[in-house]
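Worksheet: the structure to be examined is printed underneath.
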Amino acid sequence: QRDRFQTLAEYYRIKHGSIGPLRSWMDRHWTVSRDKIETSELHRLIVALNFPVIYTTNYDRNLEVAFEIHGVEYVKVANARDVSKARRDVPYIVKFHGDFDDDSSLVLTETDYLDRLSFDSPLDVRFRSDALGSTVLFIGYSLSDLNIRLLLHRLWQTWSRSGYEADRPPSFIFMAHRDPVEEAVLARWGITVVTGDDDDPEKGLLGFLSRLAALVEANPSDPPTLESGGELP
C-alpha cells in the first residue's frame, strides 16, 4: 500500500507540476490537534526520555509540538542548511523524509524514495555518523519498508567491512510481537529486537517506554542495558 501511495504521489506531481497542493492537504488532515498531543502519554515519554537525537520519517509537527508543550528546547533538522546551523546543546528532531514547512525536503513520491536509496543526502550522511558512534533505538518503523531494511543492512555492512564490528555500539528495534524470522535476520545485522508485553501494540510500546524512562530516571548517569532477548532488567 505504501508503494501505491508513492506512485500516486508521483502521478500527482506529473499532472499538477508540483506537490504543493497535495502537501497542503496532507498537512491539514494528518496533523494531530495540540490538545491530543498534550494528553498523549506516548509523546510525553518521548520528550521525558531526553534522547539527544530523534530521527522521524513523519512530515508533521507532532513531535515538535510535544516538545513545545512540555517546555523543552529542540532543534529541527530537515535539510542541509539545518544540519550546518544546528545547535549542539539541545535535542535534535531530524525530519528524515522531510518537513511540511519545506516542500523541497519531502521524500514523498516514488522518485523521491528511489533517489534516497543511494543514502548520500546530507541527512543520510548525518544519520550514518550518528549511528556509527551511538546506540540506536528504532521505534515505529515497518520492517516491510525496503528503505528501512536497506538502511539497517547498510549499517551492518559498514561495520562488517571496517574490521571493527566487535566495537559497534548496540542497536535495538522495538517490535509489537515476536517474530523468530525477523529476529534472526536482524540479529545477523547486529540489531537486537525488543518486544512488547501486551497484545495491543500501542500499550506494549507505552509499557516499554515507561520502563525505560523509569530506569533512566533512577540511573541518569548509567544508561540502562537490555538483557538477552531484548528485555529490560
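Coordinate-derived values only; no laboratory data. Bear in mind that the values here come from a model prediction, so they are computed numbers and not experimental data. Don't worry about glycine lacking a Cβ; one is built from the backbone with ideal geometry, like all the others, and counts go over all protein chains shown.
Observations on the model:
- Stretch in the chain that is longest and holds no trypsin sites (Lys or Arg not before Pro) that DSSP places in a loop and that have at most 12 other beta carbons within 10 Å: 89-177
- Euclidean distance of C-alpha centroids, the stretch 170-199 and the stretch 73-138, integer Å: 24
- Length gained when the stretch N50-L117 is fully extended (0.36 nm per residue, less Cα-Cα span): 21.1 nm
- GluC sites (Glu not before Pro) within the stretch 1-82: DSSP coil, no more than 13 neighbouring Cβ in 10 Å: E73
- Cross-link partners of K95 among lysines, defined as those whose alpha carbon lies under 19 angstrom from its own and excluding same-chain residues fewer than eight positions apart: K76, K85.
- Calculated P(r) over Cα pairs in 10 Å bins from 0, in percent (choose from (i) 8, 32, 34, 20, 7, 0; (ii) 7, 32, 37, 19, 5, 0; (iii) 7, 28, 38, 23, 4, 0), label: (iii)
- Cleavage-rule hits, chymotrypsin sites (Phe, Trp or Tyr not before Pro), the stretch 142-177, DSSP coil, Cβ neighbours within 10 Å at most 10: Y164
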